[in-house]
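First the structure, in the form of C-alpha cells, and then the observations on it.
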Amino acid sequence: MSRHMKNVNLSSQRIYVPAGVLQREVKDRGGLFIPAHIFTPHKSLFGSCSDRLDRTLDPMLVDAVELGLSSDSYMAGLIPELDGLPFVTNSDAHSLGKIGREYNELLIAEPSFAELALALRGLSGRAITANYGLNPVLGKYHRTYCVNCGELADEINAAGRCAHCGSLKQVRGVMDRIEELAFQAGRNKPVVPDDRPPYVYQVPLEFIPGVGKRTMDKLLDRFGTEMNILHDAKVSEIAQTAGEATASVIARSRSGTLNLLSGGGGRYGKVTSSESRITDSANAD
C-alpha cells in the first residue's frame with residue numbers, strides 16, 4: 001500500500017491504483033469490499049466516477065454498498081444494479097461526536113469479522129436486520145446546490161443549469177443524481193426486495209432546535225445514550241428532563257412528521273417549524 005499512497009497511517013487517503021486492482025487485492029486477502037457513500041458528489045462511485053457500478057468494479061466482488069447521509073434504501077431502490085446488493089449505513093469514524101450517527105442492526109452470534117461477513121451475505125441465520133440513518137433530507141448533499149447564487153434546486157433540472165441565476169456551476173445533489181440514474185435505467189419507482197431490512201430514520205439531537213450542550217448532557221445523564229433518547233425513552237420522561245418542546249420534536253421525529261428543510265452543497269438540512277413540509281422518500285407517494 002505504501003507504494004501507492006502518501007500516508008498509510010491516515011484515514012480517507014487517495015490510493016493511486018485502478019479501483020478493480022484495489023478490489024482484487026482486498027478480496028485476495030480475505031477482506032470485505034464495500035464502496036462508501038456511493039452517491040455523494042466529488043469522490044464517490046456514482047456521484048463523480050461512473051453511471052454504472054460494473055464499469056468500475058466487479059459486482060461479484062462487492063460485499064455491500066454504503067448509502068451515505070443523503071440517501072436511503074428507498075432512493076437506492078431506484079437503481080436496478082443495486083437490487084442484489086446488501087445496503088449498510090455507516091457513520092464516519094473521524095469525528096467522535098458523530099460516531100453512531102448512522103449504523104446497522106445485525107443478527108450475529110458475536111461481534112467479530114467472520115460474523116459480520118456472514119451477516120452481509122445472509123448466511124447461517126445471520127443478517128442485517130435494520131439500517132438506522134438520518135432522514136436523507138438532512139444530508140449535506142441531498143439537493144443540487146448552485147455555487148454561484150447559493151440556491152438549492154427545487155425541481156429536477158436535467159440541463160444542469162440553476163433555475164434561479166442560470167449558472168452551470170452546481171454541486172449535484174444525491175436526490176437529483178439518483179433520479180438521473182433511474183431515468184437512464186428506465187425505473188421510475190423504487191424496488192425494495194423482500195429481504196431488504198427496514199430503514200429507520202433518526203434526527204440526531206444536534207439537529208433539534210433548542211437542544212444545546214446543557215440539555216444534551218441532562219438527557220444523556222438520565223437515559224444513557226442518544227440512541228435510547230431518539231428511539232426508546234418515554235416521551236413523557238423526555239419532557240420531564242428537557243421540556244415539552246424538545247420532547248414534541250423527538251416524538252414527531254419518531255412518527256416521521258417533522259418539517260425539514262433540505263441540505264445541499266455541503267450544508268446540512270434543518271428541522272424547521274415552517275408550515276411547508278418536505279417528506280422523506282419513503283412517504284413521497
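Conditions tested, residue by residue: (1) surrounded by 13 or more Cβ atoms within 10 Å (Cβ to Cβ); (2) touching a helix residue (DSSP H, G or I) at 6+ places or on another chain (Cβ under 6 Å); (3) under 28 Å from THR144 (Cβ atoms).
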{"residue": "GLN23", "(1), (2), (3)": "yes, yes, no"}
{"residue": "VAL62", "(1), (2), (3)": "yes, no, yes"}
{"residue": "LEU69", "(1), (2), (3)": "yes, no, yes"}
{"residue": "GLU81", "(1), (2), (3)": "yes, yes, yes"}
{"residue": "LEU85", "(1), (2), (3)": "yes, no, yes"}
{"residue": "ARG101", "(1), (2), (3)": "yes, no, yes"}
{"residue": "LEU120", "(1), (2), (3)": "yes, no, no"}
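Evaluate the range 149-158: report whether one residue or more is touching a strand residue (DSSP E or B) at 6+ places or on another chain (Cβ under 8 Å) and under 30 Å from HIS231 (Cβ atoms). Taking every residue of the range 149-158 in turn, at least one turns out to be touching a strand residue (DSSP E or B) at 6+ places or on another chain (Cβ under 8 Å) and under 30 Å from HIS231 (Cβ atoms). Residues in the range 95-114 that are without any contact (Cβ under 8 Å) to a residue 60 or more places away in the chain and either among the acidic types (Asp, Glu) or in a loop (DSSP other than H, G, I, E, B) (or both): 8 in all.
Annotation for the range 119-129: at least one member residue is assigned to a helix (DSSP H, G or I), under 18 Å from the mean Cα position of the chain (by Cα) and either more than 15 Å from PRO204 (Cα to Cα) or free of Cβ contacts under 8 Å to residues at least 24 places away in the same chain (or both). The set of residues in the range 64-79 that are farther than 22 Å from LEU116 by Cβ and part of a helix (DSSP H, G or I) comprises TYR74, MET75. Taken over the range 179-231, the criterion of being more than 19 Å from LEU106 (Cβ to Cβ), hydrophobic (A, V, I, L, M, F, W, C) and either assigned to a loop (DSSP other than H, G, I, E, B) or in contact (Cβ under 8 Å) with a residue 40 or more places away in the chain (or both) is satisfied by LEU181, ALA182, ALA185, VAL191, VAL192, VAL203, PHE207, ILE208, VAL211.
Bear in mind that the values in this text are calculations on the coordinates, not laboratory data. Being a predicted model, the structure only gives us computed values, none of them experimental. Cβ coordinates were reconstructed from backbone atoms using ideal geometry, including for glycine residues, and neighbour counts include every protein chain displayed.
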